[in-house]
Structure formats: structure tokens, C-alpha cells
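Read-outs: derived from the displayed coordinates by stated rules, not from any lab. Keep in mind it's a predicted model, so treat the numbers as computed, not measured. All Cβ positions, glycine included, derive from the backbone under ideal geometry; neighbour counts span all protein chains shown.
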2 protein chains.
Amino acid sequence: MDEVALMFKTLSDPSRIRILYLLSQEECSVGHIAEVLKMTQSAVSHQLGYLRTLRLVKVRREGNSMIYSYEDDHVISLMKQAIQHAEHR
Amino acid sequence: MDEVALMFKTLSDPSRIRILYLLSQEECSVGHIAEVLKMTQSAVSHQLGYLRTLRLVKVRREGNSMIYSYEDDHVISLMKQAIQHAEHR
DNA sequence: TAACTATATGAACATATGCTCATATAATTG
DNA sequence: CAATTATATGAGCATATGTTCATATAGTTA
């Protein structure tokens, strides 16, 4: 159950959900995420580090930007289901 | 997104997941949950209070026992999906 | 190479969380 | 009614969490 809880814990923070949702729609650099979500560069980077640890996102370098994209389809699917459910009621 | 995060936060604690999973299989009194999950009566009751607040469980009295059962099918469904996913990998 | 840009990271802090302990509430039984 | 059983709840505590601030790292460009 701890593993399941960990997956949900990842999705239990608004910032992380917003980051993952953004990444579910487009690849993003750290700065772009910070700008769109109106978060500090540092806060975004910390959260991305967390998501990276859990292998929920992957990175590649492009020039001196780091481009993030999601890596775990199942988590994205769970997230979208939850969003849909929250919208329809 | 806060609403979605709240739903996931509920499922982000092992104790709550275990309680909900148990309730997904059978109605239970507080004492029974505590016994099965080897948790304190107080800890179980606190968590049930939390789950009740979010309308994820409902209660009825039976003698001097309180019988809990789950109330939100969608959350149960998300939980089971996550468990299945965790098992198969 | 020096200056610049983008990102990462460590420390510190304020808040949130889940538990325990003690006690309150409520129904049942003798 | 008193004692018992089952559950709820408030206070307090230890730990976890997410953010900010300052700074480090790494690639790019003049």
C-alpha cells in the first residue's frame, strides 16, 4: 500500500498536479513552467527534481534549457480521470 | 486543481488507503477496522472523521457500534486502479 | 575567457499531518 | 441507575512538506 500511497502523494499537491497537467499537454522548459504557473524557478525545479526521482518525468537538454516531458502514462491517466470527475459534479 | 489535489491527498496516506480498501470489501465497525489493520481505535476514528468530512464514507449506528461503508464509487475506482497498476510491474 | 542565461541544490522556515494520550459522549446491560 | 462497551474528540508532539533565499553548476555567446 505504501507504493500506492506514494503515487497518490505525488498527485496530492496542487503545484505538482499543475506541472504534470501542463506537461501532459506540451513539453516545457523549467522557465516556461515557472512563467505559466506563476511559480518561482526554484520551486518548479525542486518539484521537477521530485518528479524525476519518481520517474514521472524525463529531461533532455536543448541549448542551455532543460526540456521536461512526462514519462508515466498511467499516472497521467489517473490524473486526467480525477480532473474529469472533479469537473462533472 | 485544489479539489483534485484534495482527492489525491486523501489517498496519499497508507492508513486511509487501507481503511478505504477494507471498506471496499466489507462494511466495518470502527473496532473491527482497528483490529484488522492493527491500528489504535483513536487513530482509526480520526481518519474516519476525515473521510466522513469528505463524504467518502458513510455511517449508521447498529447497537452501540458504528458501521462504516464507502460512499464515493469514483474514489474507490481510482484506488483500485492504482493498486492494480502497482501490482503489475 | 568573461559575462550571461538557465537550471539545480542546500539550508532554513512556516505550516500541515498523523499519531498518542486522556477524556468525553452515547448506547447497552445488569 | 451504575457499570460497561464502543466511538469521538481535543491537545500536544514529532515528523514531513513546500516554499524562499542564496548560491552553485553548466552551457552559450560576445
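Can you tell me which residue within region B:31-50, out of those that are more than 9 Å from DNA strand D (Cβ to nearest atom) and part of a loop (DSSP other than H, G, I, E, B), is surrounded by the fewest Cβ atoms within 10 Å (Cβ to Cβ)? In this case the residue turns out to be B:Lys38.
Checked against (1) under 30 Å from A:Asp73 (Cα atoms); (2) surrounded by fewer than 16 Cβ atoms within 10 Å (Cβ to Cβ); (3) under 13 Å from the mean Cα position of the chain (by Cα); (4) of a type in the set (Asp, Glu), B:Glu71 meets all criteria but (2). Flag set for B:Tyr68, criterion: more than 18 Å from A:Ala82 (Cα to Cα) and assigned to a strand (DSSP E or B). State all residues of region A:1-30 that are near DNA strand D (Cβ under 7 Å from one of its atoms) and more than 11 Å from the chain's Cα centre (by Cα); if no residue qualifies, say none. A:Lys9, A:Ser12 - these are the residues of region A:1-30 that are near DNA strand D (Cβ under 7 Å from one of its atoms) and more than 11 Å from the chain's Cα centre (by Cα). The residue that is surrounded by the fewest Cβ atoms within 10 Å (Cβ to Cβ), counting only those in region A:5-23 that are of a type in the set (A, V, I, L, M, F, W, C) and closer than 13 Å to A:Leu54 by Cβ, is A:Leu6. Cβ-Cβ distance below 6 Å, separation of 6 or more or different chains: which pairs start in region B:42-66 with a residue that is hydroxyl-bearing (Ser, Thr, Tyr) and end on one that is surrounded by 15 or more Cβ atoms within 10 Å (Cβ to Cβ) and outside any strand (DSSP E or B)? Note: pairs meeting the criteria are B:Ser45/B:Val30. The single condition among (1) farther than 21 Å from A:Met79 by Cα; (2) within 13 Å of DNA strand C (Cβ to nearest atom); (3) surrounded by 18 or more Cβ atoms within 10 Å (Cβ to Cβ); (4) not aliphatic (A, V, I, L, M) that B:Cys28 does not meet is (2). Within region B:1-19, the residues that satisfy the criterion of being within 10 Å of chain A (Cβ to nearest Cβ) and more than 30 Å from A:Leu22 (Cα to Cα) are B:Ser15, B:Arg18. Checking region A:78-87 against the condition returns a match, with at least one residue being within 14 Å of chain B (Cβ to nearest Cβ) and small (Gly, Ala, Ser).
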